[in-house]
Amino acid sequence: MTETTTAVKPLQFYGTSSPNVWKVQLLLKELNVPFVYHHLDIRNGDQYSAEFIKVNPNGKLPAIIDPNIEGEPVRVFESGNILLYLADKYKRFIPQDIKGRTEVLNWIFWQMANLGPSMGNLYHFLVYAPEKVPYGINRYFNEVRRLLHVLDKHLDGKNYIYNEQYTIADMAIYPWTKIISFLPDVNPVEEFPNVSRFNKTIGELPSVTEFNQELVQFQSRNPYKPPTDDERKWMFNRDGRSLSPNNSQ
Ligand SMILES: N[C@@H](CCC(=O)N[C@@H](CS)C(=O)NCC(=O)O)C(=O)O
């Protein structure tokens, strides 16, 4: 009798250093599945290469390709969808009952549609905008503050987003609570005690501790530098009419 074994092929994982990518890194650490990481330089237009646009037509990170599926490999983009795809595939970090699953998805959609975009826009107006625009800063600051109060109330008496277990909802939200210290004039521990406790609890999980250590090492090798004028064009001034001329084929 002959025995056939199907070797597991590595996932192709496209990322850069950013909270949306960290979510997937947190899940992959727990799942322990093989993957090949492709670091894209978003300051120089890698996200608009013809090759990457086939993986994510929206030109954003993270994205993955899973070759371990019947037929053609499957592409997955949008960080929340990647978390959901992998959690469903491995039946881990997502409740298997519809009520639990729905509550986890409530918070993933909430993060994807609210906390992530508003924090991203606030960061843009505070750090990247060439001139300080008080209207933009105030608009996003108020919204981020409101959202963090929503989260703080939800986390009252809880360690995790859902049912005292580590799920993909925690993985979606933690990368954003990890960076709330950039908010001006806010003492997170005083104003958002439950969010701060959640941030500490998740940050102390063994896989997350390991992730954070690797991130500190990466950040010390790649310290923040303000983008140059050319880099700003790739990051903020694309109008969707062309791909990257440097990477088009
Ligand atoms: N909703 C998307 C947002 C993805 C996103 O904005 N990614 C950023 C990094 S955090 C990016 O790729 N930026 C490159 C660009 O905007 O050109 C997700 O959650 O995957």
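A short reminder: the numbers here are calculations on the coordinates, not readings from a lab. Since this is a predicted model, take the numbers as computed values, not measurements. All Cβ positions, even for glycine, are placed from backbone atoms using ideal geometry, and neighbour counts span all protein chains on display.
In table form, for the structure just shown:
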item: Net charge of neighbours whose Cβ lies under 15 Å from the Cβ of N237, counting Lys and Arg as +1 and Asp and Glu as -1; result: +1
item: Percent RCO, i.e. relative contact order, over the chain, from Cα pairs under 8 Å lying at least 6 residues apart; result: 24 percent
item: Built amide H within the under 5 Å cut-off of F35, gap 5+; result: L11
item: Point-to-point label distance, Y128-K153, nm (Cα→Cβ direction, 7 Å offset); result: 3.1 nm
item: Alpha-carbon centroid distance for the pair segment 85-114 / segment 153-192, whole angstrom; result: 17 Å
item: Net charge contributed by nearby residues that have their C-beta within less than 15 Å of P206 (K/R +1, D/E -1); result: -3
item: When segment 98-204 is reduced to its Cα atoms, the Kirkwood hydrodynamic radius in Å; result: 14.3 Å
item: Antiparallel bridges, percent of DSSP beta bridges restricted to segment 11-92 (to nearest 5); result: 60 percent
item: Ranked by how many other beta carbons lie within 10 Å on average, peptides 154-160, 118-124, 199-205 from highest; result: 118-124, 199-205, 154-160
item: Stokes-Einstein D in µm²/s, Kirkwood radius over Cα pairs - the chain at 20 °C with 1.002 mPa s viscosity; result: 109 µm²/s
item: Percentage relative contact order, segment 98-204, counting C-alpha pairs under 8 Å, at least six apart; result: 30 percent
item: Cross-link table K158/K225; K200/K233; K9/K158; K54/K89; K9/K99; K9/K54, entries beyond 30 Å C-alpha to C-alpha; result: K158/K225; K200/K233; K9/K158; K9/K99
item: Globularity ratio of segment 11-92, using Cα Rg and 2.2 N^0.38 Å; result: 1.03
item: Whole-Hz ³J(HN,Hα) from phi, Karplus 6.51 cos²θ - 1.76 cosθ + 1.60, for segment 214-222, glycine and proline x; result: 5, 5, 4, 5, 4, 5, 6, 7, 10
item: Cβ-based net charge around D88, under 15 Å, with every Lys or Arg adding one and every Asp or Glu removing one; result: 0
item: Separation of the E191 and N58 label points, Cα + 7 Å toward Cβ, nm; result: 2.8 nm
item: Bridge type composition, the chain - antiparallel percent by DSSP, nearest 5; result: 60 percent
